[in-house]
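J.: Take a look at this one; I'll ask things after.
Read the figures in this text as sums done on the coordinates, not as results from a lab. Note that the structure is predicted; figures quoted are calculated from it, not measured. Cβ placement follows ideal geometry from the backbone for every residue including glycine, while neighbour counts extend to all protein chains displayed.
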Amino acid sequence: MIWTALGAASAFLAVALGAFAAHGLRASVAPDLLAAFETGARYQLVHAVALVALGLGADRLPAGDVRAVGALFLAGMLLFSGSLYALALTGVRMLGAITPLGGVSFLLGWAWLAFAAARAARGPGA
C-alpha cells in the first residue's frame with residue numbers, strides 16, 4: 001500500500017505544481033521554460049497514477065518486482081520532472097543533462113513492469 005500512498009502524494013504535488021505553472025509562472029518565465037515545467041508536471045502525474053495502480057495491484061506480482069518498478073518510477077519522477085522544474089525555475093540549462101536519466105528510469109520501470117506482468121500471467125510452473 002506504500003506505493004499507492006506515494007503515488008497519491010506525488011499526484012497531489014503534480015497537480016499543485018501544474019497549477020503553480022499555469023497561474024504563478026506564466027508571467028515570469030520564458031515560454032520554453034514554462035513548457036519544460038509543464039512537461040515535468042505531466043510526466044510526474046502520469047507516473048504518480050502508475051504508482052497508485054502498482055500499489056493497488058501489488059499482490060499480483062512478486063514483491064521484488066513491485067519494489068523495483070516503484071523505485072524506478074520514483075527515480076524517474078525525481079530526475080526527469082525534478083530536473084525540468086529546476087531548469088524552469090533557475091534557467092540553468094545544464095540541468096537538462098539530468099533529464100534523460102529520468103527518462104531512462106521511466107523506460108526501465110515500464111519494461112520491468114511488462115516483463116513481471118507477463119511472468120505473472122503465465123502463472124507458477126508455466
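J.: May I ask you to list the residues in region 51-61 that are surrounded by 15 or more Cβ atoms within 10 Å (Cβ to Cβ) and either free of Cβ contacts under 8 Å to residues at least 24 places away in the same chain or closer than 14 Å to ALA5 by Cβ (or both)?
T.: Residues of region 51-61 surrounded by 15 or more Cβ atoms within 10 Å (Cβ to Cβ): 51-52, 54-55, 57-58, 61.
Result: LEU51, VAL52, LEU54, GLY55, GLY57, ALA58.
J.: Pick out the one residue from GLY103, GLY64 that is within 22 Å of GLY7 (Cβ to Cβ) and in contact (Cβ under 8 Å) with a residue 12 or more places away in the chain. Steps first, please.
T.: Working: GLY64 fails: in contact (Cβ under 8 Å) with a residue 12 or more places away in the chain.
From the options GLY103, GLY64, the qualifying one is GLY103.
J.: If I filter region 90-100 down to residues being part of a helix (DSSP H, G or I) and surrounded by 15 or more Cβ atoms within 10 Å (Cβ to Cβ), which single residue comes out as farthest from the chain's Cα centre (by Cα)?
T.: LEU95
J.: Output the residues belonging to region 84-116 that are over 17 Å from ALA68 (Cβ atoms) and among the polar types (S, T, N, Q).
T.: Taking region 84-116 first, the residues over 17 Å from ALA68 (Cβ atoms) are 84-100, 103.
Within region 84-116, THR90, THR99 qualify.
J.: Counting only residues that are assigned to a helix (DSSP H, G or I) and among the charged types (D, E, K, R), which one in region 22-80 is nearest to the chain's Cα centre (by Cα)?
T.: Here the residue is ARG42.
J.: I'd like to check something: does region 102-120 contain any residue that is assigned to a helix (DSSP H, G or I), in contact with a Ser or Thr (Cβ under 6 Å, 6 or more places away or on another chain) and among the polar types (S, T, N, Q)?
T.: no
J.: Further, regarding this structure: Can you tell me which residues in region 27-47 are of a type in the set (A, V, I, L, M) and out of contact with any helix residue (DSSP H, G or I) (no Cβ under 8 Å at 6 or more places or on another chain)?
T.: Residues of region 27-47 that are of a type in the set (A, V, I, L, M), as a first pass: 27, 29-30, 33-36, 41, 45-46.
Once the filter is applied, which keeps residues that are of a type in the set (A, V, I, L, M) and out of contact with any helix residue (DSSP H, G or I) (no Cβ under 8 Å at 6 or more places or on another chain), region 27-47 yields ALA27, ALA30, ALA35, VAL46.
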